[in-house]
1. Examine the range 58-68 for a residue that is in contact with a helix residue (DSSP H, G or I) (Cβ under 8 Å, 6 or more places away or on another chain), surrounded by 13 or more Cβ atoms within 10 Å (Cβ to Cβ), modelled with pLDDT of 90 or more and assigned to a helix (DSSP H, G or I), and state whether such a residue exists.
2. Of all the residues that make up the range 132-155, how many are farther than 12 Å from V74 by Cβ and either in contact with a Phe, Trp or Tyr (Cβ under 7 Å, 6 or more places away or on another chain) or open to solvent by less than 50 Å² (accessible area, probe 1.4 Å) (or both)?
3. For the range 70-173, which strands (runs of 3 or more DSSP E) that fit wholly inside it have 1 or more residues that are within 24 Å of S26 (Cα to Cα) and touching a residue at least 12 places away in the same chain (Cβ under 8 Å)?
4. With the condition kept exactly as written, say whether any residue in the range 42-53 is in contact with a Leu (Cβ under 7 Å, 6 or more places away or on another chain) and either at pLDDT below 80 or open to solvent by 30 Å² or more (accessible area, probe 1.4 Å) (or both).
5. Kindly establish whether A94 is among the hydrophobic types (A, V, I, L, M, F, W, C), within 29 Å of I130 (Cβ to Cβ) and modelled with pLDDT of 90 or more.
6. Please determine, by comparing only the residues of the range 24-35 that are of a type outside the set (A, V, I, L, M) and open to solvent by 40 Å² or more (accessible area, probe 1.4 Å), which one is modelled with the lowest pLDDT.
7. Is it fair to say E121 is more than 17 Å from L70 (Cα to Cα), within 17 Å of the chain's Cα centre (by Cα) and modelled with pLDDT under 90?
Amino acid sequence: KNLWHCFGCQSGGGPIDWLMKTQGVSFRHAVELLREGISPLAAGAVKPVHQSTTPKLLAPVAFDADDQALLNQVIDYYHQTLKASPEALAYLAARGLDHPELIKRFKLGYANRTLGLRLPEKNRKAGAQIRSRLEKLGLYRDTGREHFNGSLVIPILDDAGNVTEVYGRKGTP
């Protein structure tokens, strides 16, 4: 049935509950771990973690990149997220904007709150630095949330293909 039960503490559930309990991550983070296929689901001597602050997903940005490269990397991540999101692609199709060349040429993206799951927590030195830089670039708010959360992301590109501005359109899934 793909369920587990602990006879000691009387807790149980499915694979997502197992990850949340053993890795100390949120529901959304556990789902992303399962989607990436990097979850340690094997039973055994696992000590539950209350809350983990170490990243378990690969960061889509280089922490030592300059601001322009960092902005380009985040937009590339949003672009990959859009291509992997059936809901966002359906939104584009409903608006008549689903041609693959259009999406590729203009690097349309989708911000679905997963960028923060891939960065170190803000209570870590590296996490505080990268989140501060993203805030300075306008991609994060001072509250620590993604500025374009739940938005279709439309970057404005220069002749060299670098991002100069970013526009977000709410109303996507």
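The values are calculated or read from the model by the stated rules, or taken from the named source; none is laboratory data. Predicted model only: the values in this text are computed from it and were never measured. We place every Cβ from the backbone using ideal geometry, glycine too, and count neighbours over all the protein chains shown. For the accessible areas, the whole protein counts, side chains as well, though only heavy atoms, and no ligand, DNA or RNA atoms are used. Shrake-Rupley method; radii C 1.70, N 1.55, O 1.52, S 1.80 Å.
1. Looking through the range 58-68, none of the residues is in contact with a helix residue (DSSP H, G or I) (Cβ under 8 Å, 6 or more places away or on another chain), surrounded by 13 or more Cβ atoms within 10 Å (Cβ to Cβ), modelled with pLDDT of 90 or more and assigned to a helix (DSSP H, G or I).
2. So the count comes out to 5.
3. The qualifying strands (runs of 3 or more DSSP E) are 109-111, 151-157.
4. Checked against the condition, which is being in contact with a Leu (Cβ under 7 Å, 6 or more places away or on another chain) and either at pLDDT below 80 or open to solvent by 30 Å² or more (accessible area, probe 1.4 Å) (or both), the range 42-53 yields no hits at all.
5. Taking the combined requirement at face value, the residue does not satisfy it.
6. Once the filter is applied, the top-ranked residue is R35.
7. yes
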